Amino acid sequence: MLLYATYPCWLKFFKVHTVSDKSRTLITGASGVVSSLLISELKNCYDIVLTDVRHPAEVNPLFDDLQLADLVDSNRDNYRHLLQGVDTVIHNAFVGTGRYEVLA
């Protein structure tokens with residue numbers, strides 16, 4: 001817990017930034033289970049760009065800035081704007097059956 005109190009970000013593998021020096025991070029698969037657990041913490045430390053192929057099943061203010069894009073689309077001009085100024089990509093997108101169970 002001391003690490004969390006010492007650094008503004010709990011993810012120690014990222015460089016710690018001040019508020020005026022936030023790096024821009026793109027999160028793919030933003031409305032998925034893994035991403036939704038990360039976004040609230042990352043928003044405190046990074047300038048976050050969220051993208052997914054669909055809106056989340058439940059309305060959540062966490063996803064107000066979500067931009068729809070299909071990154072499998074061969075026409076990269078359709079999503080190139082999402083990568084402008086991005087320093088880091090957290091790629092959590094997954095194309096699957098849509099059936100999963102969250103284990104807690």
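In table form, for the structure just shown:
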quantity	calculated
Strands (runs of 3 or more DSSP E) contained in the stretch 20-104 and holding at least 3 residues modelled with pLDDT of 90 or more, surrounded by 14 or more Cβ atoms within 10 Å (Cβ to Cβ) and among the small types (Gly, Ala, Ser)	none
Near pairs, Cβ below 7 angstrom, 6+ apart or cross-chain, from the stretch 20-45 (farther than 19 Å from residue 84 by Cβ) to any residue that is assigned to a helix (DSSP H, G or I)	29/35; 31/63; 36/62; 39/62; 40/62
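The values are calculated or read from the model by the stated rules, or taken from the named source; none is laboratory data. Source: prediction; values computed, not measured. When we count neighbours, we look across all protein chains shown, and the Cβ atoms used for this are built from the backbone with ideal geometry, even at glycine.
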